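**Q** First, the structure itself, so that you have it in front of you.
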Amino acid sequence: MRYLDLDIKTINEKLKSKEMKPVDLVNEAFERIEKTNLNCFITLNKEEAIKQALELEKKDVDNLLFGLPIAIKDNIITKDLRTTAASHILDDFIPVYDATIISKIKEKNMIIIGKTNMDEFAMGSTGETSYFGNTLNPWDNTLVPGGSSSGSAVCVAARITPFALGTDTGGSIRQPSSFCGLVGLKPTYGRVSRYGIIAFASSLDQAGPITRNVYENALLLNVISGFDENDLTSSKKEVKDFTCLIGQDISNLKIAVPNYYMSDTIDEKIRQTILDVIAMLKQNGCQVDYIDIDYLEYAIPLYQVIALGEASSNLARYDGIKYGLEINDFKNIDELYKNTRSLGFGNEVKRRIMIGSHILSGENANIYYYKALKVRQAMTNSFKKCFTKYDLIIGPTNTDVAYKLGTKQDDALKSFYDDLLTIPVNMAGLPALSLPVGFKNNLPIGMHIIGNYFEEDKIYQLASYIEKKLNLDLNIKEGK
Amino acid sequence: MKPTIGIEVHVELKSMAKVFSLSKNSFNDEENSNINVIDLGYPGTLPKLNKKVIDMALKACFALNFKINRLMHFDRKNYFYPDLPKGYQITQQDTPIGYDGYLEIADKKIYLERMHIEEDTCKSLHTTDTLLNFNRAGVPLIEIVTKPCINSSEEAVQYLEKLRETLLYLGISDVKIEEGSMRCDVNVSVSDNEKLGTKCEVKNIGSISNVGVAIDYEIKRQEELIKKGEKIVEQTRRFDDKTKTTVLMRYKETGNDYRYFPEPDIPYVYIDDNWLEQVKNDMPILTDELKNKYINLGINNNNIKTIIANKDICNFFESVILNVNPNIAANLLTGDVLSYLNKNFIKLEESKLNKDNFIKLVELLDKKVISSKQAKEVINVLLETGKDPLNIVKENKMEQISDDNIVLDIVRKVINNNLDSVKDFKEGKDRAIKYLMGQVMKESKGQINPSLANETLISELNKFDVNKL
């Protein structure tokens, strides 16, 4: 029984012909979970998933995603299903409502298999800051899978589910997708509702799909996109079928490569792999130019100021009073706060709350925060300028492939450098995708494709073309 | 020594829904019944924005002569307190909806620094435990801050009364200071030189008159300290209603740090010309305009004051003003109607009085069909029963006799029956006319129109031939 390795269209036909039932897919997913030992789930939804799958047998197969198993990052609120954000402070939190995107996937009758492991409150890029222990990279269990959407990426890479939802504040979908050989997209800011996403940095957070291939990625984006009256920052922009440009000619596309993305900071093998793709695109008629985009080099300090400033405020609500971790050891209200938060948050989260609070304090707000907003605007403007001449921007997703577990935990700053190339996209609110384009020492290399606002369809157009041309085998060989 | 006072007023707006969620805005319902996941600050929730609240704030901006920040945003004010579910309050720091306004009191303009929109916290109830009522969390507030331009408790009280009246007439708040829908904090400083002194803030003042009391106490306290050569330390004090004094709560911590930053969950709001125009068209008449109108109608000052101070009465008055003699209507409303309502502790809308009946009554009085003494009786019946005043008058046989012929008949009858008094009259004894008039009233059972009767009596007496006596 290898139903889950089939492509979505084939599965859909078999479901329609009743050759297979949703419960077969669900059972297979749980069998695979039991066989693997990657720690990619925090909470499994087995009973409910099987129940739902059996109920679906009475319903018509009315869409391509009908009955398909999906894994959900654990910072996305799911009604009646424990949602922890991988933190001790929420480890018994059972929500009373569904995030808007969860309602949307439920409407399509997709089946939630479980809640995936992640860096605590999405703060990290290795999966190691989780209260529930780190997730292993299925390509090599001694390596990090990337983060913060570590469990979602690993779940798809290990072919447990064909679909997963992640969130991306500075690269948290794209970086683990790159490290695990997957397609991961961060949509345009506002494309997907944030209602029910446990906030890290509100002006940067965006949920998006992690999948085995480009087409399936676009299918899932179709489901979760759209204006939501519960999220004032969500866009009223029309949602088109994001698969509409897949398979279309790409020879008229104008593509920019920022010099910054091909500098010495990037591993040579990674650069070479990207150069090979560029050569292939040129051969097929694309115009590819090297350009400069101003202010890219400020990505990390910008992130530290804006993301951590917002985070320090967003995480203030976890105070031990209304929900989450309850402690009995306090004499007054200040001790209640202090003891709850000391016990409830991990070190990385505490570090980021402290930095963020410091940055917003008194005069610092002007020195750092408001200055950062100006630089952010300037960086955004230089991206906008670039998109007046080009359709897409490409480069590597990361400076290198996945690295050993434990290497960056001792250096708080180093882990931010994983997001060197992904953060600018969040700052500008643009859509971007990571696509596997090769290997270094048998580990997948991700290519970054950045699009103009609300032009996810164009990203998929180029990505699917490259995917088809390269035709890489991204299945992990048994015994690895 | 010169006192300087600045006042911060928080006013609850009476919108249907809360400012950042769809929960009902009604604090007084059962505890924690008007709440949802947004009000509780649940993980993943985001604020909505109630446009009606902005409409109401814009009305206040117009009435208080504020300039308007056409492109405004919200900010987060971060601090920890159990009544603050998100760990921050959504407010407006950088771009208050209104700035540089003023309100005129008797002989002075009170300059207003700013007005902004924010959400209320939940209500703590301290018993053996602390209980939280989230009905109040997210109730819309506007905060109105004066410049330090008030120099006496009298000015402060006048300002607050005028502000309360204005907001009440805008229909955007109940402005009940006793119930907490209007809250005043005052900053008082005293200086014996040109520079401003060190200010002390006084909170928790439960009525406008107590604001005056608190300010006077605080001025005296600070003056005495200065005379003794002591330094005033910046602090927050609370008004104690029992002792009518102010009591130290805490010294201001150096640099209270709220870590303000723009609220990323609410996009900037642009108030365009259309929006302003719509709100402008929806503005009610305010009290200054009403006062001028009433003065022009010749209504006396006391009545004007009473009408304005009672918005229900004023609304009623406005609804009939085109159909009645306004002076008679004003007298009735500020006299008999108001005293009936006060005596019975009810609101006008709870009485049986309606517009049509009131108009009829004023007409009866205006045309002298009934006397003002009779009107008193009729209005009380009207307030109790809502009966048609014409029927009340008929049932009680109250109609005045104003028919010239009937009056003449009565007068002649009285004259013929009292020839002694007529003689006295002719001999110049003034008392005789009073006696005869009394007889006329008696004969008519008190229903004769007194001035007409008087007139007729004198003319008949003068015409009376002395020789007939």
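The values are calculated or read from the model by the stated rules, or taken from the named source; none is laboratory data. Small disclaimer: the values here were computed from a predicted structure and weren't measured. In this analysis, Cβ positions are derived from the backbone assuming ideal geometry, glycine residues included, and neighbour counts consider all displayed protein chains.
**Q** Inspect all residues belonging to the stretch B:8-15 and state whether any of them is farther than 27 Å from B:LEU167 by Cβ and surrounded by fewer than 20 Cβ atoms within 10 Å (Cβ to Cβ).
**A** Going residue by residue through the stretch B:8-15, those that are farther than 27 Å from B:LEU167 by Cβ are none.
No, the stretch B:8-15 has no match at all.
**Q** Can you tell me which residues in the stretch A:307-345 are facing chain B (nearest Cβ under 9 Å), closer than 30 Å to A:ASN366 by Cα and hydrophobic (A, V, I, L, M, F, W, C)? Spell out how you get there, then give the answer.
**A** From the stretch A:307-345, those facing chain B (nearest Cβ under 9 Å) are A:309-310, A:312-319, A:321-324, A:333-334, A:336-337; that's our starting set.
With the extra rule that they be closer than 30 Å to A:ASN366 by Cα, the set shrinks to A:309-310, A:312-319, A:334, A:337.
Result: A:LEU315, A:ALA316.
**Q** Another question about this same structure. Can you find a residue in the stretch A:177-194 that is without any contact (Cβ under 8 Å) to a residue 24 or more places away in the chain, within 13 Å of another protein chain (Cβ to nearest Cβ) and not hydroxyl-bearing (Ser, Thr, Tyr)? Explain how you work it out, then say what you get.
**A** Going residue by residue through the stretch A:177-194, those that are without any contact (Cβ under 8 Å) to a residue 24 or more places away in the chain are none.
No, the stretch A:177-194 contains no residue that is without any contact (Cβ under 8 Å) to a residue 24 or more places away in the chain, within 13 Å of another protein chain (Cβ to nearest Cβ) and not hydroxyl-bearing (Ser, Thr, Tyr).
**Q** Still on this structure, I have one more. For the stretch A:313-345, how many residues are within 18 Å of A:PRO95 (Cα to Cα), without any contact (Cβ under 8 Å) to a residue 12 or more places away in the chain and under 28 Å from the mean Cα position of the chain (by Cα)?
**A** So the count comes out to 1.
**Q** What are the residue pairs meeting all of these: first residue in the stretch B:202-221, first residue surrounded by fewer than 18 Cβ atoms within 10 Å (Cβ to Cβ), second residue in a helix (DSSP H, G or I), Cβ atoms under 8 Å, and 6 or more apart or on different chains?
**A** B:GLY206/B:ILE177; B:GLY206/B:GLU178; B:SER207/B:ILE177; B:SER207/B:GLU178; B:SER209/B:VAL157; B:ASP216/B:SER153
**Q** State whether the residues of the stretch B:379-402 include one that is among the aliphatic types (A, V, I, L, M), surrounded by 14 or more Cβ atoms within 10 Å (Cβ to Cβ), closer than 30 Å to B:VAL337 by Cβ and free of Cβ contacts under 8 Å to residues at least 24 places away in the same chain.
**A** In the first step, residues of the stretch B:379-402 are kept if they are among the aliphatic types (A, V, I, L, M); the result is B:379, B:381-383, B:390, B:392-393, B:398, B:401.
Now narrow it down to the ones that are surrounded by 14 or more Cβ atoms within 10 Å (Cβ to Cβ): B:379, B:381-383, B:390, B:392-393, B:398, B:401.
Subsequent filtering for residues that are closer than 30 Å to B:VAL337 by Cβ retains B:379, B:381-383, B:390, B:392-393, B:398, B:401.
Now restrict to residues that are free of Cβ contacts under 8 Å to residues at least 24 places away in the same chain: B:381, B:392.
Checked the stretch B:379-402: at least one residue is among the aliphatic types (A, V, I, L, M), surrounded by 14 or more Cβ atoms within 10 Å (Cβ to Cβ), closer than 30 Å to B:VAL337 by Cβ and free of Cβ contacts under 8 Å to residues at least 24 places away in the same chain.
**Q** Sort out which residues of the stretch B:352-371 are without any contact (Cβ under 8 Å) to a residue 12 or more places away in the chain and within 23 Å of B:ILE448 (Cβ to Cβ), and write them in order of number.
**A** Within the stretch B:352-371, the subset without any contact (Cβ under 8 Å) to a residue 12 or more places away in the chain is B:356, B:367.
Of everything in the stretch B:352-371, just one residue is without any contact (Cβ under 8 Å) to a residue 12 or more places away in the chain and within 23 Å of B:ILE448 (Cβ to Cβ), namely B:LYS367.
**Q** Okay, next question. Of everything in the stretch B:26-57 that's among the hydroxyl-bearing types (Ser, Thr, Tyr) and surrounded by fewer than 23 Cβ atoms within 10 Å (Cβ to Cβ), which residue is farthest from the chain's Cα centre (by Cα)?
**A** At the first step, the residues of the stretch B:26-57 found to be among the hydroxyl-bearing types (Ser, Thr, Tyr) are B:26, B:33, B:42, B:45.
Those still in the list that are surrounded by fewer than 23 Cβ atoms within 10 Å (Cβ to Cβ) too: B:26, B:33, B:42.
Details: B:SER26: 21, B:SER33: 30, B:TYR42: 39 Å.
Ranking the qualifying residues of the stretch B:26-57, first place goes to B:TYR42.
**Q** Just name the residue that is farthest from the chain's Cα centre (by Cα) out of those in the stretch A:346-375 that are within 12 Å of chain B (Cβ to nearest Cβ) and aliphatic (A, V, I, L, M). Spell out how you get there, then give the answer.
**A** The initial filter retains those residues of the stretch A:346-375 that are within 12 Å of chain B (Cβ to nearest Cβ), namely A:353, A:356-366, A:368-370, A:372-373.
Still in the list and also aliphatic (A, V, I, L, M): A:353, A:359-360, A:365, A:372-373.
On the way: A:ILE353: 22, A:ILE359: 26, A:LEU360: 27, A:ALA365: 29, A:ALA372: 24, A:LEU373: 24 Å.
By that ranking, first place goes to A:ALA365.
**Q** Output the residue which, of all residues in the stretch B:44-77 that are at the interface with chain A (Cβ under 10 Å from one of its Cβ atoms) and out of contact with any helix residue (DSSP H, G or I) (no Cβ under 7 Å at 6 or more places or on another chain), is nearest to B:ASN274 (Cα to Cα).
**A** At the first step, the residues of the stretch B:44-77 found to be at the interface with chain A (Cβ under 10 Å from one of its Cβ atoms) are B:44-49, B:76-77.
Checking the rest, the ones that are also out of contact with any helix residue (DSSP H, G or I) (no Cβ under 7 Å at 6 or more places or on another chain) come to B:44-49, B:77.
Values: B:GLY44: 34, B:THR45: 31, B:LEU46: 28, B:PRO47: 25, B:LYS48: 22, B:LEU49: 19, B:LYS77: 31 Å.
Checking each candidate, the answer is B:LEU49.
**Q** Does any residue of the stretch B:233-241 turn out to be in contact with a helix residue (DSSP H, G or I) (Cβ under 9 Å, 6 or more places away or on another chain), in the same structural domain as B:PHE66 (by TED's automatic domain parsing), crowded, with 21+ Cβ neighbours inside 10 Å and closer than 18 Å to B:GLU8 by Cα?
**A** Yes: one or more hits.
**Q** Also: Here is a check on your reading of the model: is A:LEU232 within 14 Å of another protein chain (Cβ to nearest Cβ), closer than 30 Å to A:TYR295 by Cα, surrounded by 16 or more Cβ atoms within 10 Å (Cβ to Cβ) and not aromatic (Phe, Trp, Tyr)? It would help to see each step written out before you state the result.
**A** Details: within 14 Å of another protein chain (Cβ to nearest Cβ): yes; closer than 30 Å to A:TYR295 by Cα: yes; surrounded by 16 or more Cβ atoms within 10 Å (Cβ to Cβ): yes; not aromatic (Phe, Trp, Tyr): yes.
For A:LEU232, the condition - within 14 Å of another protein chain (Cβ to nearest Cβ), closer than 30 Å to A:TYR295 by Cα, surrounded by 16 or more Cβ atoms within 10 Å (Cβ to Cβ) and not aromatic (Phe, Trp, Tyr) - is met.
**Q** Oh, and also: Counting only residues that are touching a residue at least 12 places away in the same chain (Cβ under 8 Å) and more than 30 Å from A:THR84 (Cβ to Cβ), give me the strands (runs of 3 or more DSSP E) lying completely in the stretch B:38-120 with at least 2 of them. Outline the logic, then answer.
**A** Values: elements: B:75-78, B:88-91, B:98-105, B:108-119.
Those strands (runs of 3 or more DSSP E) span B:98-105, B:108-119.
**Q** Looking at the stretch B:20-35, I want the residues that are of a type in the set (Lys, Arg) and have a partner that is crowded, with 16+ Cβ neighbours inside 10 Å with Cβ atoms under 8 Å, at least 6 apart or on another chain. Which pairs are those?
**A** Pairs that qualify, where the first residue is of a type in the set (Lys, Arg) and the partner is crowded, with 16+ Cβ neighbours inside 10 Å, are B:LYS24/B:ALA17; B:LYS24/B:LYS18; B:LYS24/B:ASN34.
**Q** Can you say whether A:THR380 is farther than 30 Å from A:ASP249 by Cβ, of a type in the set (Ser, Thr, Tyr) and surrounded by fewer than 18 Cβ atoms within 10 Å (Cβ to Cβ), as far as the supplied structure shows? Even if it seems obvious, please write down each step before you answer.
**A** On the way: farther than 30 Å from A:ASP249 by Cβ: yes; of a type in the set (Ser, Thr, Tyr): yes; surrounded by fewer than 18 Cβ atoms within 10 Å (Cβ to Cβ): yes.
Against the criterion (farther than 30 Å from A:ASP249 by Cβ, of a type in the set (Ser, Thr, Tyr) and surrounded by fewer than 18 Cβ atoms within 10 Å (Cβ to Cβ)), A:THR380 qualifies.
**Q** Report whether or not A:ILE293 is in a loop (DSSP other than H, G, I, E, B) and either at pLDDT 95 or above or in contact with a Cys (Cβ under 6 Å, 6 or more places away or on another chain) (or both).
**A** Working: in a loop (DSSP other than H, G, I, E, B): yes; either at pLDDT 95 or above or in contact with a Cys (Cβ under 6 Å, 6 or more places away or on another chain) (or both): yes.
The answer is yes for A:ILE293.
**Q** Six or more apart or on different chains, Cβ atoms under 7 Å: show the pairs whose first residue is in the stretch A:351-369 and among the small types (Gly, Ala, Ser) and whose second is modelled with pLDDT of 95 or more and part of a helix (DSSP H, G or I).
**A** Between residues of the stretch A:351-369 that are among the small types (Gly, Ala, Ser) and residues that are modelled with pLDDT of 95 or more and part of a helix (DSSP H, G or I), the close pairs are A:GLY356/A:LEU308; A:GLY356/A:GLY309; A:GLY356/A:ALA311; A:GLY356/A:SER312; A:SER357/A:SER312.
**Q** When you go through A:LYS240, A:LYS254 one by one, which is the residue that is under 22 Å from A:GLY184 (Cβ atoms) and surrounded by fewer than 18 Cβ atoms within 10 Å (Cβ to Cβ)? Even if it seems obvious, please write down each step before you answer.
**A** Working: A:LYS254 fails: under 22 Å from A:GLY184 (Cβ atoms).
Of A:LYS240, A:LYS254, the one residue that is under 22 Å from A:GLY184 (Cβ atoms) and surrounded by fewer than 18 Cβ atoms within 10 Å (Cβ to Cβ) is A:LYS240.
**Q** If you go through the stretch B:26-43, how many residues are at the interface with chain A (Cβ under 7 Å from one of its Cβ atoms) and in contact with a Ser or Thr (Cβ under 8 Å, 6 or more places away or on another chain)?
**A** 2
**Q** Consider the stretch A:417-449. How many of its residues are at pLDDT below 95, of a type in the set (Ser, Thr, Tyr) and crowded, with 24+ Cβ neighbours inside 10 Å?
**A** The total comes to 0.
**Q** Also, I was wondering about something else. Scan the stretch A:80-102 residue by residue and report those that are within 11 Å of chain B (Cβ to nearest Cβ), part of a loop (DSSP other than H, G, I, E, B) and more than 21 Å from the chain's Cα centre (by Cα).
**A** Within the stretch A:80-102, the first condition is being within 11 Å of chain B (Cβ to nearest Cβ), and the residues that meet it are A:83-85, A:87, A:89-90, A:93, A:95-102.
Filter again for part of a loop (DSSP other than H, G, I, E, B), leaving A:83-85, A:87, A:93, A:95-99.
Residues satisfying the conditions are A:PHE93, A:PRO95, A:VAL96, A:TYR97.
**Q** Here's a follow-up. Looking at the stretch A:161-184, which of the residues that are of a type outside the set (Ser, Thr, Tyr) and closer than 27 Å to B:LYS48 by Cα is farthest from the chain's Cα centre (by Cα)? Don't jump to the end; show me each part of the working.
**A** To start, the set of residues in the stretch A:161-184 that are of a type outside the set (Ser, Thr, Tyr) comprises A:162-166, A:168, A:170-171, A:173-176, A:179-184.
Within this subset, residues satisfying the condition of being closer than 27 Å to B:LYS48 by Cα are A:165-166, A:168, A:170.
Working: A:LEU165: 7, A:GLY166: 4, A:ASP168: 5, A:GLY170: 9 Å.
Here the answer is A:GLY170.
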